[in-house]
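The values are calculated or read from the model by the stated rules, or taken from the named source; none is laboratory data. Keep in mind the model is a prediction, meaning the values are calculated, not measured. Every residue, glycine as well, gets a Cβ built from its backbone with ideal geometry; the counts of neighbours run over all protein chains shown. The protein model used for the area step is the full one, side chains on, heavy atoms only, and it has no ligands, DNA or RNA in it. Shrake-Rupley method; radii C 1.70, N 1.55, O 1.52, S 1.80 Å.
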Amino acid sequence: MNPMKVITLGTGSGVPTLKRNLACVALVRHGRIFLFDCGEAAQIQMRKARLRFSRVEAIFISHMHGDHLLGLMGMLMSMEMEGRTHPLRLFGPPGIAEYVATLTRLHQAHINFDVNIRELTESGLVCDEPEYAVRCAALDHRVFVLGYAFIEKDRPGEFNVRAAEQLGVPAG
């Protein structure tokens, strides 16, 4: 089993085409999904890739242009309709909390699971878990934009003494 996979769900810029949807990348690590941006049609592409909404651990939005987040509310509402109960972490630039709150109100949506939103204003550590960390850095664009790095932490392995001896590796 591959412990990590990157699946591009959308690579289009600005306007979707018949063959390219808007920005969205899924990083699947040990069955948990991390979405980077959530453009229009992200839900459809997740279904095509056989990714389950319930496995989405966190969503990281790079900036507030529509082609990077217009699929977000549909994604949240689909998660709700599928009965999600566990919290979702949402990271993004300033304005992401207001965006979600305003659209939730205007859509008269009922999101019955916690969406823990953290607005990021500068480069640095976004989240720090025992097995991985996510860092962000401000990038050059017309508006404030964040790039994200998913960093796996070192995992000490087990040294197989018998295999080393069979290979002729000297002790010590």
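Out of all the residues in region 103-125, which are in contact with a helix residue (DSSP H, G or I) (Cβ under 7 Å, 6 or more places away or on another chain) and among the β-branched types (Val, Ile, Thr)?
ILE111, VAL115, ILE117
Do we have any residue at all in region 13-22 that's modelled with pLDDT under 95, open to solvent by less than 40 Å² (accessible area, probe 1.4 Å) and either among the aliphatic types (A, V, I, L, M) or part of a helix (DSSP H, G or I) (or both)?
The answer is yes, given that some residue of region 13-22 is modelled with pLDDT under 95, open to solvent by less than 40 Å² (accessible area, probe 1.4 Å) and either among the aliphatic types (A, V, I, L, M) or part of a helix (DSSP H, G or I) (or both).
Find the residue count for region 67-90, including only residues that are in contact with a strand residue (DSSP E or B) (Cβ under 8 Å, 6 or more places away or on another chain), open to solvent by 10 Å² or more (accessible area, probe 1.4 Å) and outside any loop (DSSP other than H, G, I, E, B).
3
Keeping to region 118-154, report how many residues are open to solvent by 90 Å² or more (accessible area, probe 1.4 Å) and either at pLDDT below 90 or under 14 Å from the mean Cα position of the chain (by Cα) (or both).
Matching residues across region 118-154 total 5.
Condition test on GLU82, is it out of contact with any Leu (no Cβ under 8 Å at 6 or more places or on another chain), modelled with pLDDT under 95 and not hydroxyl-bearing (Ser, Thr, Tyr)?
Taking the combined requirement at face value, the residue satisfies it.
Please give the number of the condition PRO93 fails out of (1) over 13 Å from the mean Cα position of the chain (by Cα); (2) under 13 Å from TYR148 (Cβ atoms); (3) open to solvent by 40 Å² or more (accessible area, probe 1.4 Å).
Among (1) over 13 Å from the mean Cα position of the chain (by Cα); (2) under 13 Å from TYR148 (Cβ atoms); (3) open to solvent by 40 Å² or more (accessible area, probe 1.4 Å), the lone unmet condition for PRO93 is (3).
Quick one: is GLY92 in contact with a Cys (Cβ under 9 Å, 6 or more places away or on another chain) and closer than 22 Å to SER13 by Cβ?
For GLY92, the condition - in contact with a Cys (Cβ under 9 Å, 6 or more places away or on another chain) and closer than 22 Å to SER13 by Cβ - is not met.
Could you grab me the full set of residues in region 24-61 that are under 18 Å from VAL115 (Cα atoms), open to solvent by 10 Å² or more (accessible area, probe 1.4 Å) and part of a loop (DSSP other than H, G, I, E, B)?
ASP37, ARG52
Name every residue in region 85-103 that is within 17 Å of VAL126 (Cβ to Cβ) and not small (Gly, Ala, Ser), in order of residue number.
PRO87, LEU88, ARG89, LEU90, PHE91, PRO93, PRO94, ILE96
Scan (1) under 17 Å from the mean Cα position of the chain (by Cα); (2) over 25 Å from ALA41 (Cβ atoms) for the single condition LEU72 breaks and write down its number.
Here LEU72 meets the rest and fails (2).
Looking at region 155-162, can you tell me whether even one residue there is within 16 Å of the chain's Cα centre (by Cα), acidic (Asp, Glu) and loosely packed, with under 12 Cβ neighbours inside 10 Å?
no
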